[in-house]
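S.K.: Below is the structure I would like to discuss, written out as structure tokens.
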Amino acid sequence: MADELIKIGHNLPKVQKEIAKVAKKTGNPAPALKAMGKVLTLSTDERFSKQEDPQGNKWKELKPVTRKRKKNSKILTESTKLRDGISDQLDGDDTLLVGSDSPYGAIHQLGGTIKQEGMTLHLKGTGRNTRFAKKGQGDRTKTVNRTIKMPARPYLGVSKADETELLAIAGDYLMG
């Protein structure tokens, strides 16, 4: 995961209690936590397909100008780097981390303001026919400063269904 780690604490007392029982019974909760990490990674991946947060709320729609510019109509899936970067890992034997190694993962999860200063736009055409062009394909450039307000579109987190699955995993380790 990236050097910049977003910590989203979860108060999952039932899961924490069951993991403590697993640790006491087996002496090592790491295998159960690894299994839980896989479940949470898959669940997070499904959120990209459903375009919703852990509570099942739809992500905020894209602005029409953004939708027009994008190659992909799905939110947060222009290049799949964010989605493909979701992974799980253990920090020691008793802490599970699930997150993204994407440098822009935090702005999408939490929202915020992006300031772009001295950005070069490549333009083609004139007047009302002016449109953006790829670098080297425009007939002129314009340098601009802009501020973008990015809405939060949470993709990381634990849903109620996830919590139920985590409890089932802990139960399997307690039974085994």
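S.K.: Which members of the range 20-62 meet the condition of being touching a residue at least 24 places away in the same chain (Cβ under 8 Å), within 17 Å of Thr77 (Cβ to Cβ) and not polar (S, T, N, Q)?
M.R.: Correct list: Asp45, Arg47, Phe48, Asp53, Trp59, Lys60.
S.K.: Which one is modelled with the highest pLDDT among residues in the range 81-98 that are under 15 Å from the mean Cα position of the chain (by Cα) and open to solvent by 60 Å² or more (accessible area, probe 1.4 Å)?
M.R.: Asp84
S.K.: For Val144, work out the one condition from (1) touching a residue at least 24 places away in the same chain (Cβ under 8 Å); (2) out of contact with any His (no Cβ under 7 Å at 6 or more places or on another chain); (3) within 28 Å of Val22 (Cβ to Cβ) it doesn't fulfil.
M.R.: Answer for Val144: the failing condition is (3).
S.K.: Looking at (1) within 18 Å of Val158 (Cβ to Cβ); (2) assigned to a loop (DSSP other than H, G, I, E, B), which one does Ala20 not meet, given that it meets all the others?
M.R.: The number of the failed condition is (2).
S.K.: Can you confirm whether the range 34-47 contains a residue that is over 17 Å from Glu165 (Cβ atoms) and open to solvent by less than 80 Å² (accessible area, probe 1.4 Å)?
M.R.: Checked the range 34-47: no residue is over 17 Å from Glu165 (Cβ atoms) and open to solvent by less than 80 Å² (accessible area, probe 1.4 Å).
S.K.: Right, something else. Among the residues of the range 53-74, write down those that are closer than 18 Å to Ser159 by Cβ and surrounded by 14 or more Cβ atoms within 10 Å (Cβ to Cβ).
M.R.: Within the range 53-74, Asp53, Pro54, Trp59 meet the criteria.
The values are calculated or read from the model by the stated rules, or taken from the named source; none is laboratory data. All values reported here derive from a predicted model rather than from experimental measurement. Using ideal geometry, Cβ is built from the backbone for each residue, glycine included, and neighbour counts are taken over all protein chains shown. Heads up: the accessible areas ignore ligands, DNA and RNA and are worked out on the full protein's heavy atoms, side chains in. Shrake-Rupley method; radii C 1.70, N 1.55, O 1.52, S 1.80 Å.
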